[in-house]
Amino acid sequence: MPSKPDEDARLRVRPPADHAAGLKAVQVSMARAVGQMGVVKATRNLLTLNQADGFDCMSCAWPDPQGHRHTAEFCENGAKAVSWEGVRDTVGPAFFAEHSVASLSEQTDHWLEKQGRLTHPMVRRPGGTHYEPLSWGEAFALVGEHLRGLAHPDEAVFYTSGRASNEAAFLYQLLARAYGTNNLPDCSNMCHESTSVALAGTIGIGKGSVTLEDLHEADLIVVSGQNPGTNHPRMLTALEIAKRDGAKILAINPLPEAGLLKFDNPQKARGLAGRGTELADTLLQIRSNGDLALWQAIGHLLLKAEEAAPGTVLDRAFIDGSTTGFEAWAAHVRDIDREAVLAATGLTWQQIEDAAAMLAGAKRIVHCWAMGITQHHNAVNTIKEFVNVALAQGMIGRPGAGLCPVRGHSNVQGDRSMGIWEKAPDFFLDALGAEFGFDPPREHGYDAAASVRAFRDRKAKVFVALGGNFVAAMSDTEVTAAAMRGAELTVQISTKLNRSHLDAGATALILPTLGRTEQDLTGGTVQRITVEDSMSEVHASRGRSKPAGPLLRSEVDIVCGIAAATLGDRHGIDWRAFTTDYDRIRDRIGNVVPGCSGYTERVDNGGFTMPHPPRDTRTFTTPEGRAVFSVSPLEVLQVPPGRLILQTLRSHDQFNTTIYGLDDRYRGIKAGRRVVFISKADLDELGFVDGDHVDLVSEWVDGERRAPRFRLVEYSTPKGCVAAYYPETNPLVPLDSQAAESGTPTSKAVIVRLEPAT
Ligand SMILES: Nc1nc2c(c(=O)[nH]1)N[C@H]1C(S)=C(S)[C@@H](COP(=O)(O)OP(=O)(O)OC[C@H]3O[C@@H](n4cnc5c(=O)[nH]c(N)nc54)[C@H](O)[C@@H]3O)O[C@H]1N2
Ligand SMILES: Nc1nc2c(c(=O)[nH]1)N[C@H]1C(S)=C(S)[C@@H](COP(=O)(O)OP(=O)(O)OC[C@H]3O[C@@H](n4cnc5c(=O)[nH]c(N)nc54)[C@H](O)[C@@H]3O)O[C@H]1N2
Ligand SMILES: [Mo]
């Protein structure tokens, strides 16, 4: 059972907010922090959050300002994440003796995590009804026994959630490869994979090309498919700084998200007083999945503007000197099907012309985007299409301009740099093999969706998860949950109880780990870890709180424990030595990961920026040695009559599958999550009214999927496009409904129909 419906009877709906943050945000975060952690711990944790000698916030991958930092360098949702980790409640052996796995499965995701921090290694043995405690030694031996017993290393899958540190991630991929597999799926597969694929193919590196200063200096910032007020609140400060210096903001989103409209900076007296800054100059309320069409139309209009006033809109010197494929792209978008664009975007031609004029008139443009772009069938082509526009205008590798994919998990980018990738390139594998004296496997491994298929088809048998909540985060919950229940062994390295501990393998292990906020005394000394943010800055992070329990171990320690029990001293790797001093891991990272030589020293000296050839020197490491224009057919998601496009998104009170509370303050929702935001036009056309309850039924080639009982909420969203929260809606996303090339589940475009609730 994915998630029991919440206390629906208490659900209340109010008009949505028109601005983000302000005094209310400070009140909410302080009250929650003190309530969950107590005054002393709350104060210490919040004051060291994102400070140079403190710890890195785990709520998102937004960078910290260089030099001066505000005393409160955090946001409401960062404070929530810290409080959630710092809770005083714990779940230990007594809790698990009292609650059977079957009874826990009846609880909501919110209830499960709310029980508190995991404190003991626990096992549920084959046929068992309850989790029971076991020692760390027994736990490691159990994992080692299973892994050594597999017929082939590819029967094991090593999943990573993007919160793992660089040190833990580096050792984890070393473990998988020394064991013999590239089965290293991660949350990126469900997140920014489309970005990595599109950028690698066009600019030669799958990462964003801007610094925080570039955002401050831009004169136009495009924010596509992103809700920063909730998911990256500190980005609003950067937008505010840019606005103060005269920048314009173009927001492209089906929903008028509060954080895109207006911002009361809670770090400033003015913000507290509530006057605030207007953010978006223009909001294009685009139809879901209309972005590819929009960017082709904008390309078309920019070409026309350049023809009308040559030398004023496009950057010919850059196009001729540094790119390839311009003519083919230009020929393609010159001949645009205007009707198809209007149908796909739901915008007027005038709106598109106005947006194009904003781009034509700007000198320094930053393109930002997140899940509203990456989780679509045509996500890779959509990103390539605005990269086309950025290249045509020369908006890369110069101050105030560039591409800014806004990452999710706080270290998801770092984990990739460290080799958490089922398709790691040969140069990485060569370097890893040379450093550790073995020949890593070369065949690509499973990504997230392929992993589910492998467990479903009984080709994979052991699942190890370095964090995360795979069962609830992945698409097609019923299929994923059944697949994971078919595993011989699942190992979850976790901080809190979640769905993945319940829909688990025949033997199921929970290994409790330290969080970012906690002091790590592995090997008897104070250890630090390192992370890389969304803008490729690498720096140290050190928690100071007392751990939630004396048995907790660091992720590094746990990975080394599993590795030693599985591999012994195979390839001569001394796993135990890594746990005495993490500098030993950092030294090896420096020898393997490009751009990381002298890693330990540079981290000691305050951190460094990972290399990015387009940003640093306008060089492009594509096979052509140039940035690549792409030609994509104008594919539009076809919606049968009476059906709607459902996007599945986050409320203001959750972190992915972690549900902090049942409110979504900015969208006016209180005490409930099973809501569907729908336009007045659709309500009228389908014969429903606000407040009706419906089942959501998704339609796919292999049949139907149903999520019961959602309350309809009349909302400002384009006709034909509805929105509801994830993970409750993940049962509706078919496993095989994936983005072309990147394989990302199409969480922002599920075709559904509404039926009166059963
Ligand atoms: N507090 C908090 N912070 C978080 C997270 C969290 O859950 N809570 N999650 C973290 C993670 S892992 C990630 S990846 C990020 C996610 O950050 P976001 O990408 O901001 O998260 P979503 O809630 O998925 O919001 C997607 C946005 O895209 C819009 N959208 C949907 N479909 C389309 C479309 O077709 N076109 C356009 N132009 N827009 C569209 C939606 O209306 C919504 O505003 O946040 C990170 N930070
Ligand atoms: N329908 C739909 N599905 C989606 C999305 C969507 O927009 N719509 N978004 C996708 C995206 S962008 C992402 S990134 C994925 C997220 O997928 P995941 O990263 O797998 O999921 P999380 O919810 O972030 O994981 C939460 C769990 O992580 C554990 N945890 C927390 N902190 C730590 C720590 O410090 N160490 C360890 N070891 N464990 C810890 C806790 O036990 C907690 O229960 O979901 C994806 N799924
Ligand atoms: Mo994400």
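Tell me yes or no: at least one residue of the stretch 626-644 is open to solvent by less than 10 Å² (accessible area, probe 1.4 Å) and within 16 Å of ligand 1 (Cβ to nearest atom).
Yes, the stretch 626-644 has at least one match.
Of everything in the stretch 216-261, what is among the charged types (D, E, K, R) and more than 24 Å from the chain's Cα centre (by Cα)? Give them in sequence order.
Within the stretch 216-261, E217, D219, K243, R244, D245, K248 qualify.
From (1) touching an Asp or Glu at 6+ places or on another chain (Cβ under 8 Å); (2) open to solvent by 10 Å² or more (accessible area, probe 1.4 Å); (3) under 30 Å from H444 (Cβ atoms), pick out the condition that doesn't hold for S742.
Looking at each condition in turn, S742 falls short on (2).
Answer yes or no: is there a residue in the stretch 650-673 that is within 16 Å of ligand 2 (Cβ to nearest atom) and more than 19 Å from E76 (Cα to Cα).
Yes, some residue in the stretch 650-673 is within 16 Å of ligand 2 (Cβ to nearest atom) and more than 19 Å from E76 (Cα to Cα).
Does R706 fit the bill of being in contact (Cβ under 8 Å) with a residue 60 or more places away in the chain and open to solvent by 20 Å² or more (accessible area, probe 1.4 Å)?
no
Taking the options D557, D569, D533, name whichever one is at pLDDT below 95 and closer than 30 Å to D439 by Cβ.
Being at pLDDT below 95 and closer than 30 Å to D439 by Cβ holds for just one of D557, D569, D533, which is D569.
R602 - would you say it is of a type in the set (K, R) and touching a Ser or Thr at 6+ places or on another chain (Cβ under 8 Å)?
no
Six or more apart or on different chains, Cβ under 8 Å: which pairs go from a residue in the stretch 325-336 that's in a loop (DSSP other than H, G, I, E, B) to one that's open to solvent by 20 Å² or more (accessible area, probe 1.4 Å)? Could you list them?
Hits for this filter: G325/V628; G325/V631; I336/H300; I336/L634.
Out of the stretch 45-55, which residues are in a loop (DSSP other than H, G, I, E, B) and open to solvent by less than 10 Å² (accessible area, probe 1.4 Å)?
N50, G54 - these are the residues of the stretch 45-55 that are in a loop (DSSP other than H, G, I, E, B) and open to solvent by less than 10 Å² (accessible area, probe 1.4 Å).
Being among the acidic types (D, E), open to solvent by 20 Å² or more (accessible area, probe 1.4 Å), in a helix (DSSP H, G or I) and touching a residue at least 40 places away in the same chain (Cβ under 8 Å): is that true of D587 here?
For D587, the condition - among the acidic types (D, E), open to solvent by 20 Å² or more (accessible area, probe 1.4 Å), in a helix (DSSP H, G or I) and touching a residue at least 40 places away in the same chain (Cβ under 8 Å) - is not met.
Are there any strands (runs of 3 or more DSSP E) wholly within the stretch 501-571 with 3 or more residues that are without any contact (Cβ under 8 Å) to a residue 24 or more places away in the chain and either open to solvent by 20 Å² or more (accessible area, probe 1.4 Å) or in the same structural domain as G54 (by TED's automatic domain parsing) (or both), and if so which?
none
Just name the residue that is nearest to ligand 1 (Cβ to nearest atom) out of those in the stretch 183-209 that are part of a loop (DSSP other than H, G, I, E, B) and surrounded by 24 or more Cβ atoms within 10 Å (Cβ to Cβ).
Top of the filtered list is C191.
Just for helices (runs of 4 or more DSSP H) wholly inside the stretch 93-133: which have at least 2 residues that are surrounded by fewer than 17 Cβ atoms within 10 Å (Cβ to Cβ)?
Because the criterion is at least 2 residues that are surrounded by fewer than 17 Cβ atoms within 10 Å (Cβ to Cβ), the helices (runs of 4 or more DSSP H) in the stretch 93-133 that meet it are 93-98, 101-105.
Report the residue count in the stretch 396-406 for those that are within 23 Å of T617 (Cβ to Cβ) and within 14 Å of ligand 1 (Cβ to nearest atom).
Within the stretch 396-406, residues that are within 23 Å of T617 (Cβ to Cβ) and within 14 Å of ligand 1 (Cβ to nearest atom) number 2.
Table: residues versus (1) within 17 Å of A357 (Cβ to Cβ); (2) not charged (D, E, K, R).
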| position | (1), (2) |
| --- | --- |
| A308 | yes, yes |
| G325 | no, yes |
| A330 | no, yes |
| D335 | no, no |
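Please work out which one of (1) out of contact with any helix residue (DSSP H, G or I) (no Cβ under 7 Å at 6 or more places or on another chain); (2) in the same structural domain as G486 (by TED's automatic domain parsing); (3) aliphatic (A, V, I, L, M); (4) part of a helix (DSSP H, G or I) is the condition A178 fails and give its number.
The single condition A178 does not satisfy is (1).
Provide a single number: the residues in the stretch 394-423 that are more than 12 Å from ligand 3 (Cβ to nearest atom), open to solvent by less than 10 Å² (accessible area, probe 1.4 Å) and more than 13 Å from E193 (Cβ to Cβ).
The total comes to 11.
The values are calculated or read from the model by the stated rules, or taken from the named source; none is laboratory data. This structure is a prediction, so every number in the text was calculated from the model and none was measured. Using ideal geometry, Cβ is built from the backbone for each residue, glycine included, and neighbour counts are taken over all protein chains shown. Note: accessible area is taken over every heavy atom of the protein model, side chains too, but ligands, DNA and RNA are not part of it. Shrake-Rupley method; radii C 1.70, N 1.55, O 1.52, S 1.80 Å.
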